[in-house]
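To keep things clear, I will list the structure first and then write my remarks on it.
Every number in this text was worked out from the coordinates using simple rules, so none of it is lab data. Not measured: the values here are computed from a predicted model. Note that we place each Cβ from the backbone using ideal geometry, even for glycine, and neighbour counts take in every protein chain shown.
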Amino acid sequence: MRTRHLLIPVEGVPADLLRGSFYEMRGSSAHKATDILAPRNTPVRAVEDGTIAKLFFSRFGGNTIYQTDPTGQYVYYYAHLEKYQPTLKEGDRVKRGQTIGFVGTSGNAPPNTPHLHFSISVLTKQKKWWQARALDPYEVFKSDKAKSQ
Ligand SMILES: [Zn+2]
């Protein structure tokens with residue numbers, strides 16, 4: 001995963017401003033994601049090429065996007081979006097760096113703390129999402145392969 005040159009998914013945020021929060025507890029379960037703080041409506045961009053698997057509104061995540069990588073092996077999850085990029089739809093192929101949504105506070109994000117909640121999951125061979133294992137995005141981004149441009 002560290003050889004993939006993932007893009008930081010929020011425009012204008014350099015890798016050294018990221019903070020690891022993978023193991024912090026959120027309620028009764030571990031966070032297993034990275035929160036990237038940014039002003040409301042900052043563009044959120046695809047970390048690499050792939051396909052929009054699902055656009056989904058959930059009580060906790062708010063407006064969320066599930067994107068698979070080109071191999072279908074990884075799922076990238078973007079949550080608390082203010083809104084989607086208006087023409088985005090399920091099944092769309094996206095390019096690394098393409099704007100897919102905008103930072104916000106939808107779902108259970110604090111109203112005064114707009115941020116992107118981002119996670120990476122590894123799918124099993126059977127491609128069962130509910131059995132996916134979470135990777136720490138912070139570890140991926142902070143490696144010298146991560147790029148902010
Ligand atoms: Zn979060």
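Largest mean-square fluctuation among LYS125, LYS89, LYS54, in a Gaussian network model of the chain whose springs join Cα atoms under 10 Å apart, belongs to LYS125. In the chain, helical runs assigned H by DSSP with n ≥ 4 each contribute -39500 (n - 2.57); averaged across all residues and rounded to the nearest 500, the mean residue ellipticity at 222 nm is -1000 deg cm²/dmol.
Here the calculated FRET efficiency for THR51 and THR124, from their Cβ-Cβ distance with R0 = 22 Å, stands at 0.75, rounded to the nearest 0.05.
In segment 15-149, the alpha-carbon atoms span a convex hull of 112 Å³ per residue.
Given the pairs LYS54/LYS142; LYS54/LYS83; LYS32/LYS83, which span a C-alpha to C-alpha distance of over 21 angstrom in this model? Exceeds cut-off: LYS54/LYS142; LYS32/LYS83.
Computed from the Cβ-Cβ distance with R0 of 25 Å, the FRET efficiency linking SER58 to LYS95 stands at 0.45. Length gained on full extension, ASN41 to THR87: 14.9 nm, using 0.36 nm per residue less the C-alpha separation. Counting 0.36 nm for each residue step from ALA15 to ASN112 and taking away their Cα separation leaves a gain of 32.6 nm. Computed about its Cα centre, the charge dipole of the chain is approximately 380 debye, with only Lys, Arg, Asp and Glu carrying charge at their Cβ. Considering only SER119, SER58, SER106, the mean-square fluctuation computed in a Gaussian network model of the chain, springs between alpha carbons under 10 angstrom, is largest for SER58. Can you tell which of PHE118, PHE56, PHE102 shows the greatest fluctuation in a Gaussian network model of the chain with Cα springs below 10 Å? Top of the fluctuation ranking is PHE56.
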